[in-house]
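Have a look at the structure below, then the notes.
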Amino acid sequence: MRVSSSFIVVLAVAIATACKQEATPSSPKISPPASVTASPDQVPAGVTAVQNEMRLLHEAMRNCVTAVAYGTLDSIPENLHAVHRARELTEKALESGEYKLPKSPEKLASFKELDEQFHGELENLVAAARSKDGTATGRQVGVVLSKCSSCHTQFKP
Ligand code: HEC
């Protein structure tokens with residue numbers, strides 16, 4: 001079978017384009033300055049209390065994958081403790097009115113309820129990690145991750 005040279009050129013361009021797209025995945029869009037380092041001690045300038053907490057949570061969950069992969073489960077409680085401390089900052093900011101939910105502020109009660117359930121699952125994750133059971137910890141990481149989107153759909157702008 002004779003393949004025309006123009007067909008080969010088209011094919012080569014298509015493959016090159018596909019490779020290029022794969023090589024440069026779009027980075028997640030984090031609206032406020034990504035350079036601000038999250039802190040469990042105080043909400044840094046330039047981010048909201050929830051953004052601060054969420055950044056620590058994001059970091060902690062990434063660390064969980066590493067901890068499960070390398071059997072370093074000891075690092076999990078410490079990381080999640082930082083999230084817990086940041087959550088206390090969130091609670092204060094909600095109480096003082098300094099932080100208002102950017103989306104659906106009128107549903108504060110249901111946000112608090114979701115948040116309460118979510119932190120219960122984080123406590124279960126700490127317990128699994130403390131029991132040094134890699135399988136149970138991995139499973140609980142999955143449970144925790146399965147909760148992010150439903151809250152984001154309702155409350156994240
Ligand atoms: C109970 C609700 C709730 C849950 C559960 C939740 N989030 Fe969030 N998340 C929010 C809200 C609200 C915002 C937007 C905060 C803002 O813009 O002030 C947010 C924003 C974020 C952001 C963006 C932060 C930034 O810098 O702008 C990240 C990252 C994030 N969440 C990660 C996660 C991950 C990972 C999980 C699950 C492991 C999760 N969230 C679970 C409510 C939640």
Worksheet item: Across region 58-81, what is the number of residues that are under 14 Å from THR135 (Cα atoms) and over 15 Å from the mean Cα position of the chain (by Cα)?
Response: 7
Discussion item. Kindly evaluate LYS103 against the criterion of being near the ligand (Cβ under 9 Å from one of its atoms), among the charged types (D, E, K, R), surrounded by 12 or more Cβ atoms within 10 Å (Cβ to Cβ) and closer than 23 Å to THR37 by Cα.
Written reply: no
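Take residues that are aromatic (Phe, Trp, Tyr) and tell me which of the helices (runs of 4 or more DSSP H) falling wholly in region 39-157 contain 1 or more. Explain how you work it out, then say what you get.
On the way: elements: 49-70, 75-96, 108-130, 134-145, 148-155.
Here the list reads 49-70, 108-130, 148-155.
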Response to the item:
Among the residues of region 103-157, the number that are of a type in the set (S, T, N, Q) and within 21 Å of HIS84 (Cα to Cα) is 9
Worksheet item: Name the pairs: first residue in region 75-92 and closer than 11 Å to HIS119 by Cα, second residue assigned to a helix (DSSP H, G or I), Cβ to Cβ under 6 Å, at least 6 apart or on different chains?
Response: LEU80/ALA60; LEU80/LEU122; LEU80/VAL126; VAL83/LEU56; VAL83/LEU57; VAL83/ALA60; ARG87/GLU53
Discussion item. Please go through (1) at pLDDT below 95; (2) surrounded by fewer than 13 Cβ atoms within 10 Å (Cβ to Cβ); (3) within 16 Å of the ligand (Cβ to nearest atom) for MET1 and return the number of the only condition it doesn't satisfy.
Written reply: (3)
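Against the condition away from the ligand (no atom under 12 Å from the Cβ), β-branched (Val, Ile, Thr) and surrounded by fewer than 18 Cβ atoms within 10 Å (Cβ to Cβ), how does THR66 come out, does it pass?
yes
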Discussion item. Condition (residue is surrounded by 15 or more Cβ atoms within 10 Å (Cβ to Cβ) and within 9 Å of the ligand (Cβ to nearest atom)) applied to region 124-138: is it met by at least one residue?
Written reply: no
Worksheet item: Looking only at region 141-157, which residues are hydrophobic (A, V, I, L, M, F, W, C), without any contact (Cβ under 8 Å) to a residue 40 or more places away in the chain and either surrounded by fewer than 10 Cβ atoms within 10 Å (Cβ to Cβ) or closer than 14 Å to LEU57 by Cα (or both)?
Response: CYS148
Item to complete: Look through region 33-52, keep the residues that are crowded, with 19+ Cβ neighbours inside 10 Å and of a type in the set (S, T, N, Q), and return whichever of them is nearest to the ligand (Cβ to nearest atom).
Response: GLN51
Discussion item. Being of a type outside the set (Val, Ile, Thr), more than 14 Å from the ligand (Cβ to nearest atom) and surrounded by fewer than 18 Cβ atoms within 10 Å (Cβ to Cβ) is the requirement here; does GLU121 meet it?
Written reply: no
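The values are calculated or read from the model by the stated rules, or taken from the named source; none is laboratory data. Treat the numbers as computed from the prediction; the structure is a model and nothing was measured. Counting neighbours? That spans all protein chains shown, and the Cβs are built from the backbone with ideal geometry, glycine included.
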